Amino acid sequence: MKRLYTLLLTLGLLLALSLTASGAGNGVRIFIDGTPLDAPASYISGSGTTMVPLRAVAEALGCTVAWDPVTATISISSPAPETSVPDGAPLVVLDPGHGGVYNGAEYSGVKEKDLNLAIAARTAELLEEEGVTVRMTRTSDQDVDLYARSGLANTLGADLFVSVHCNANVEHDDALGIYTCAYSEGTEGWQLAQTLHETMLEATGAADFGMEERPNLSVLRTAQVPAALVECGFMSTPSELALLVQPEYQAKLARGIADGILACLAQ
Ligand SMILES: [Zn+2]
């Protein structure tokens, strides 16, 4: 969210600096950095307020705009300099779930955010060894807005987006295994989730907790690139938590995630 505020502040400054709108009949002409913007109807309301379409302005400034009708949220992602990527190489965005004040699940003093980051970072290493460019939504224990996570993949035009989590079941302390999900069946995201499911099971020998459509998960709903979310195992099940904290087991999970991503990239 901080990022969005920063961007809006930047937008505000840019608008103040270089946006000039002048009346032309009932419409308003917009110039950005001196170039006329071919924007859909801008107008001046009865109260004298000038209305300018946010999408047209944001996109003219190089931002990516996503609209989430479910929560009536507009997310604008700015192309930050550190996110520029080399041309040609396949590009994957990995999203270690939670972070900062958001621990995710927490069992026996183990925080999900830390497991997610360890597994995702290992996955990134494996992918980079194979010549894949990887960008992470976070590389440390920091809070990242949900919309900024998919927003990074959207802004970069990533080939794939994978969100990495660990599961918990408050009712059953014996739930086990790998679970993957995507926005809906029949999408490229679903194919990605399916492939990840198979490669993660193969790499870990873990139990199969199945797959599911998750249209309500905002990182999946707002991703404009093929996106999947993986749950690496149940922190609420002591025997599986004992595995999840081991670097050796995290490496197996990472191998499984990397193999699934590589298989999808090769298609
Ligand atoms: Zn989670």
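Please find, among 202, 198, 231, the residue that is touching a strand residue (DSSP E or B) at 6+ places or on another chain (Cβ under 8 Å) and acidic (Asp, Glu). So that I can check it myself, show each step before the final result.
On the way: 202 fails: touching a strand residue (DSSP E or B) at 6+ places or on another chain (Cβ under 8 Å); 198 fails: touching a strand residue (DSSP E or B) at 6+ places or on another chain (Cβ under 8 Å).
Testing whether each residue is touching a strand residue (DSSP E or B) at 6+ places or on another chain (Cβ under 8 Å) and acidic (Asp, Glu) leaves just 231.
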Out of (1) under 26 Å from residue 91 (Cα atoms); (2) of a type in the set (Ser, Thr, Tyr); (3) within 16 Å of the ligand (Cβ to nearest atom), the one residue 237 does not meet is (1)
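For segment 136-155, what are the residues that are β-branched (Val, Ile, Thr) and either open to solvent by less than 30 Å² (accessible area, probe 1.4 Å) or closer than 18 Å to residue 116 by Cα (or both)? Break it down stepwise before answering.
Quick first cut of segment 136-155, residues β-branched (Val, Ile, Thr) only: 137, 139, 144, 155.
Within segment 136-155, 137, 139, 144 meet the criteria.
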Only one of (1) at pLDDT below 95; (2) in contact with a Lys or Arg (Cβ under 9 Å, 6 or more places away or on another chain) does not apply to residue 229, and that is (1)
Only one of (1) more than 16 Å from the ligand (Cβ to nearest atom); (2) open to solvent by 30 Å² or more (accessible area, probe 1.4 Å); (3) under 14 Å from the mean Cα position of the chain (by Cα); (4) not polar (S, T, N, Q) does not apply to residue 98, and that is (1)
Subset of segment 237-260, residues surrounded by fewer than 20 Cβ atoms within 10 Å (Cβ to Cβ) and of a type in the set (S, T, N, Q), comes to 239, 246
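The values are calculated or read from the model by the stated rules, or taken from the named source; none is laboratory data. This one's a predicted model, so the numbers in the text were calculated from it and none came from an experiment. Neighbour counts are summed over all protein chains in view; Cβ atoms, including those assigned to glycine, are modelled from backbone coordinates with ideal geometry. Please note that ligands, DNA and RNA were not included when accessible areas were found on the heavy atoms of the full protein model with its side chains. Shrake-Rupley method; radii C 1.70, N 1.55, O 1.52, S 1.80 Å.
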